[in-house]
């Protein structure tokens, strides 16, 4: 009976220890980050690159290769590059000017495939991002900004001349507009932006295009030749479609230990249709949930 009790106690202690080990958190200590692979060995495909000092959850401890979880990705890493504590930062000297540095290499990979969120700016609406390696395709769509009243009047005048009405005089009385809508797409390349004490920051650049649309409905009055009185008309419609390309520059930051990224960008847009070579700046900021 005594031996049975000892066996039960030892088995319980060992099992409890294994549970604790399975939940142990370790940190990547390699200065170059660490590759998470599909199998135990360097010959297996890389799932994602884990940055220095990133936290991983231990699933199973093998000999040289451990099974871990990082940002909802499971795989294997070499245990010699893991530590129970974060690497300590070196103290900076007064003459050290390298507190901020820009990597000339693309970001190797992200720990997620998709990001969905909200963008505020031009346009304001929904933003979706598809990641692949250190590059991504991002699409934003929603409300955009158009010219104000003077622009509306110009479009009314354009409508008159394009239709070649035989009016001796005409005036716009009222203008109703639909909500201006835009679709913006960019192909971007990410680079790490290294700042001491701040992890998860990248800058990116890319090219893309936009389609912007708004419809105008006019109430107006006009005079015909030989008449002194005004005639009135309602429901004159003018559609405005702008198509063009742009270049974008931005910053993206992943909030530590969360699947959330925040971003800000600035783009230079050039119309091809309907006002060729018309330039203007656009900007925006927002956040995405990544998975």
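The values are calculated or read from the model by the stated rules, or taken from the named source; none is laboratory data. The shown structure was predicted, so the numbers you read here are calculated from the model rather than taken from an experiment. Glycine gets a Cβ as well: all are built from the backbone with ideal geometry, and neighbour counts include every protein chain shown.
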key: Residue selected from region 105-128 under the condition under 16 Å from residue 201 (Cβ atoms) and in a strand (DSSP E or B), by the criterion modelled with the lowest pLDDT   = 105
query = Can you name the residue in region 239-268 that is farther than 17 Å from residue 140 by Cβ and surrounded by 14 or more Cβ atoms within 10 Å (Cβ to Cβ) and is also modelled with the lowest pLDDT among such residues?
reply = 240
task = Answer yes or no as to whether residue 69 is within 31 Å of the chain's Cα centre (by Cα) and either at pLDDT 90 or above or within 18 Å of residue 258 (Cα to Cα) (or both).
result = yes
ask   = Can you name the residue in region 269-279 that is part of a strand (DSSP E or B) and touching a residue at least 12 places away in the same chain (Cβ under 8 Å) and is also surrounded by the fewest Cβ atoms within 10 Å (Cβ to Cβ) among such residues?
value = 273
inquiry  = Against the definition (free of Cβ contacts under 8 Å to residues at least 60 places away in the same chain and within 22 Å of residue 201 (Cα to Cα)), how does residue 30 come out, yes or no?
reply    = yes
